[in-house]
Structures are given as structure tokens and as C-alpha cells.
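Report on one structure; see the data block that follows.
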DNA sequence: CTTCGCCTAAAGATATGACTTATTCAAGAC
DNA sequence: GTCTTGAATAAGTCATATCTTTAGGCGAAG
């Protein structure tokens with residue numbers, strides 16, 4: 001998942017530092033400074049910086065140094081940037097943005113899925129809905145989370161749109177972050193679970209309209225819950 | 001906009017080659033081969049490869065080489081990947097995916113914009129709608145495109161959601177690609193222009209419902225037009 | 001004949017020193 | 001005060017050496 005090797009370690013340190021605002025926009029780093037700080041060679045520093053540059057977190061200019069860019073320039077769709085921000089100080093802003101994105105995308109994906117999911121995918125959704133019901137009842141948050149992620153990812157994949165499909169990981173990160181940071185009730189709300197079942201049934205039955213509506217209720221609910229729970 | 005320097009040139013060559021399918025998944029490159037092919041040093045090759053790796057277009061493993069990854073692994077939201085694909089062979093698939101994304105996102109953004117756009121933004125939208133009307137009438141496709149891009153970008157920005165805002169460039173790329181590849185009528189349809197005016201008016205008036213509806217009509221229309229026009 | 005584990009060569013990963021180039025900033029000319 | 005020029009600086013590039021990982025072969029054991 002992550003970049004490996006020494007550049008990976010640099011990234012894992014610098015990325016979150018920038019994403020969390022610990023290194024604010026305008027901060028200038030010099031590559032030599034990074035070399036000594038991390039005890040690595042130029043090669044390694046340059047590769048790490050290049051990657052940060054491709055995410056638009058920094059720019060590197062001769063005679064100036066490595067400058068942290070303002071948040072508005074960041075490539076906010078980059079999976080790594082999303083993870084870093086979710087882990088850091090503006091988790092709340094990030095969750096809200098992602099929440100709105102989910103409200104826009106997931107109902108559309110559910111409707112598409114109802115039309116063109118494969119039989120296997122429909123079966124899998126049914127099975128996942130069952131799992132969700134069981135683990136919710138047992139208050140097994142770990143398993144619930146895992147199946148919830150799979151549920152949403154399957155629908156996004158079944159939509160047949162590659163861009164929607166790729167949001168599966170992102171949504172997974174959101175759900176994980178929400179659970180890890182205790183923005184979830186200790187036991188999933190029965191109402192929410194019922195809605196998941198409803199989405200699965202609608203998709204199995206090919207009822208795009210109902211799938212879309214039920215999914216919209218889920219993600220709108222999640223977004224509203226965020227406004228109640230988060231700081 | 002682009003990565004500069006020698007690694008940039010490597011990227012500008014390899015990226016499109018991979019994105020267009022010219023180098024299919026499974027193709028293995030060796031870094032020494034790239035060094036001689038492009039007449040650059042290891043440093044340069046490694047940095048370029050690292051960036052491709054961070055976009056998940058390739059993986060680099062010891063004793064194996066640099067392997068092109070299947071399309072399903074690519075980071076399809078990366079702006080550079082989007083541009084490369086729009087320029088290449090699967091432009092049509094890319095346009096379709098982006099079209100669905102627009103259908104999901106832009107109506108939501110319009111609704112949000114109607115609620116929380118600044119006065120300046122509302123004014124700008126009004127002005128842009130006028131420009132669209134005028135340039136459409138004059139069949140000045142270049143100016144029309146420019147204002148159309150600004151129109152959609154402004155709404156996405158006015159939504160107050162940073163992730164929506166970042167899709168401005170992407171939508172711009174879609175509109176540009178559509179015009180450049182003659183997937184547009186020679187004169188913008190009066191109906192479409194009227195809808196833009198309607199969106200602008202609704203946002204100015206703070207009517208979220210109408211802004212959303214009109215915008216949906218626009219993007220659904222664009223998507224359908226794609227299905228008619230494209231191969 | 002199969003399976004396991006060791007060995008080796010291949011290819012990337014990292015380190016390093018020398019050199020190049022672009023850019024800023026300031027001193028000096030007009 | 002503005003323009004020019006040049007020196008200082010920090011990143012960019014190159015070439016080379018060395019380290020590290022690992023696929024795949026080979027042989028011994030079962």
C-alpha cells in the first residue's frame with residue numbers, strides 16, 4: 001500500500017507533518033537539512049521530495065528550497081494525502097468534505113449497481129447485509145466495520161464506473177477513521193443496518209430508484225451524525 | 001502545472017505511453033534500459049519511476065524490474081493520469097467515467113453553492129452566464145469554452161467543499177477535451193446555454209433546489225450527448 | 001519424483017563526490 | 001531611482017561504487 005524503502009520513511013514522516021499543518025504553508029526545507037535529519041543520502045531525499053511534489057504538497061526550486069504549499073493546492077484526492085489528513089489535525093474538515101462527496105457519489109453508484117451489477121456481486125451484497133445485521137446485533141464493531149467497508153466498496157465497484165470504484169478505498173478510510181476515533185455509537189444503529197439491508201435488496205431486485213433513495217438516506221445520515229459528534 | 005526537469009520529460013513520455021495502453025499491463029522495463037533510451041542518469045530515471053509508482057501505474061521490484069500495472073490499479077483521480085488518458089486511446093472510456101462523476105457531483109455542488117456562495121461568486125456567475133450567451137450566439141467556441149470552464153469551476157469552488165473545488169480542473173479538462181476532439185456541436189445548443197443561465201440565476205437567488213435540477217439537466221445532457229457522439 | 005533449502009547472479013536501492021544550472025539578492029553603474 | 005551585472009546559493013544532474021533483496025536454479029534429503 002505505502003511506498004517502501006527509505007523514501008517511504010521520509011514520506012511517512014513529512015507527509016503527515018505537512019497534512020496536519022505542523023509544517024504550515026510557506027515553510028522552507030532544504031534538502032541537505034533533510035539528509036542530515038534523517039541520515040539518508042541525497043538520492044533518497046530527492047525521491048521523497050519528488051513524490052510530495054507530485055501531490056502538490058511542496059514545490060522544489062533552485063536557490064529557494066523545498067516550500068510547503070498552501071492547502072488549496074494539495075491534490076486532495078490522492079489516497080495518501082487523504083490518509084494523512086484523516087490521521088491529523090484537520091480530520092474533521094476532511095471527514096466533512098468526504099461526507100459530502102459520499103452523499104453525491106454513493107446514491108448514484110447504488111442506482112448504477114442496481115442496473116448492472118453481476119449476479120456474483122448481488123449475491124455478495126446480500127451476504128454482506130446479513131453479516132452486518134449479525135455483527136451489529138453482537139456489537140462486534142471490528143467485524144461490522146470490515147463488512148461495512150466491503151459493502152460500500154462492492155456497490156461502488158458494481159457501479160461499473162472505474163472512478164466510483166476507486167472511491168472504495170477512500171470510503172473505507174472514512175469508515176475506519178470514524179470507528180477508530182469513536183465517532184460511531186457503540187452499537188450500530190438498527191435503523192442504519194436496516195437501510196443497508198434495504199439497499200442490498202433493492203440492488204438484488206434491480207430497483208435503481210429504491211437503491212438510490214436508501215443509500216442516500218444512509219450517507220446523509222452519516223454526514224449529519226458527523227455534525228453532531230465532531231468537535 | 002507539470003513536473004519539470006529531465007524526470008518531467010521521462011514522465012511526459014512514459015505516462016502517456018502507459019495510459020494509452022501502448023505499454024500494456026505486465027510490460028517490464030529495466031531502469032538501465034530507460035537510462036540509455038533517454039540518455040539520462042540513474043537519478044533521473046529513479047525519480048520519474050518513483051512518481052509513476054506513486055500513481056500506481058508501475059511497481060518497481062528488485063530482481064524483476066519496473067512492471068506496468070493493470071488499469072484497475074491506477075490512481076484514476078490523479079490529475080496527470082486523467083490528462084494522459086484523455087489524450088490517448090481510452091479517451092472515450094475516460095470521458096464516460098468522468099461524465100458519470102459530473103452527474104453525481106455537479107448538481108450537489110450547485111445546490112451547496114446556492115446556499116453558501118459569496119456575493120462575489122454570485123456576481124461572477126451572473127457575468128459568466130452572460131458571456132456564455134454572447135459567445136454562443138457568436139459561435140466563438142474558444143471563448144465559450146473558456147467561460148464554460150470558469151462557470152463550472154466557480155460553482156464547484158463556491159460549494160465550499162474543497163474536494164468538489166478540486167474537481168474544477170478535472171471538469172475543465174473534460175470540457176477542453178470535448179471541444180478539441182469535436183464532440184461538441186459547432187454552435188453550443190441554445191437550450192444548454194439557457195440552462196446555464198438558469199443555474200446562475202438560481203444560485204444568485206439562493207434557490208438550491210432549482211440550481212440542482214438545472215445543473216443536473218446540463219450534466220445528464222452532456223453525458224447523453226457523449227453516448228451519441230463518441231465512437 | 002517431489003520438496004525443501006541453500007546459493008548465486010541479476011536488478012534495484014542507496015551512498016557519495018564532482019560538476020552544472022538556475023535564481024536570488026545585492027553591489028555598483030548610469 | 002532604476003538597471004545591470006556578478007557572486008553566492010541551493011537544487012539538479014551525472015557517474016560510479018557498494019549494498020541489499022530475491023527469483024530461479026541446483027542439489028540433497030525424503
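The values are calculated or read from the model by the stated rules, or taken from the named source; none is laboratory data. As the structure is a computational prediction, the values presented were derived from the model and not from experiment. Methodologically, a virtual Cβ is constructed for each residue, glycine included, from the backbone with ideal geometry; neighbour enumeration extends over all protein chains shown.
Figures for the structure shown
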read-out	value
Count of segment A:104-120 residues which are touching a residue at least 60 places away in the same chain (Cβ under 8 Å) and assigned to a helix (DSSP H, G or I)	11
Subset of segment B:2-15 that is assigned to a helix (DSSP H, G or I), more than 9 Å from DNA strand D (Cβ to nearest atom) and surrounded by fewer than 19 Cβ atoms within 10 Å (Cβ to Cβ) - its residue that is nearest to the other protein chains (Cβ to nearest Cβ)	B:12
Restricting segment B:48-77 to residues that are part of a loop (DSSP other than H, G, I, E, B) and touching a helix residue (DSSP H, G or I) at 6+ places or on another chain (Cβ under 8 Å), the residue that is farthest from residue A:169 (Cα to Cα)	B:57
Only listed residue being away from DNA strand C (no atom under 16 Å from the Cβ), free of Cβ contacts under 8 Å to residues at least 60 places away in the same chain and buried (at least 17 other Cβ atoms within 10 Å of the Cβ), chosen from A:100, A:60, A:54, A:72	A:54
Selection within segment A:27-39 - surrounded by 14 or more Cβ atoms within 10 Å (Cβ to Cβ) and either within 7 Å of DNA strand D (Cβ to nearest atom) or over 31 Å from the mean Cα position of the chain (by Cα) (or both)	A:29, A:31, A:35
So residue B:128, is it more than 23 Å from residue A:98 (Cβ to Cβ), outside the structural domain of residue B:25 (by TED's automatic domain parsing), more than 16 Å from DNA strand D (Cβ to nearest atom) and touching a residue at least 12 places away in the same chain (Cβ under 8 Å)	yes
Residue check, residue A:93 out of contact with any helix residue (DSSP H, G or I) (no Cβ under 7 Å at 6 or more places or on another chain), within 9 Å of another protein chain (Cβ to nearest Cβ) and surrounded by fewer than 22 Cβ atoms within 10 Å (Cβ to Cβ)	yes
Tabulated pairs, segment A:167-192, first under 12 Å from residue A:222 (Cβ atoms), second assigned to a loop (DSSP other than H, G, I, E, B), C-beta under 7 angstrom, 6+ apart or interchain	A:178/A:184; A:183/A:230
Unique match (being over 12 Å from the mean Cα position of the chain (by Cα), at pLDDT 95 or above, within 12 Å of chain B (Cβ to nearest Cβ) and at negative phi) among A:117, A:109	A:109
Selection count where residues are within 16 Å of DNA strand C (Cβ to nearest atom) and within 28 Å of residue A:74 (Cβ to Cβ), scope segment B:12-30	2
Residue in segment A:157-166 that is more than 19 Å from the chain's Cα centre (by Cα) and away from chain B (no Cβ under 11 Å) present	no
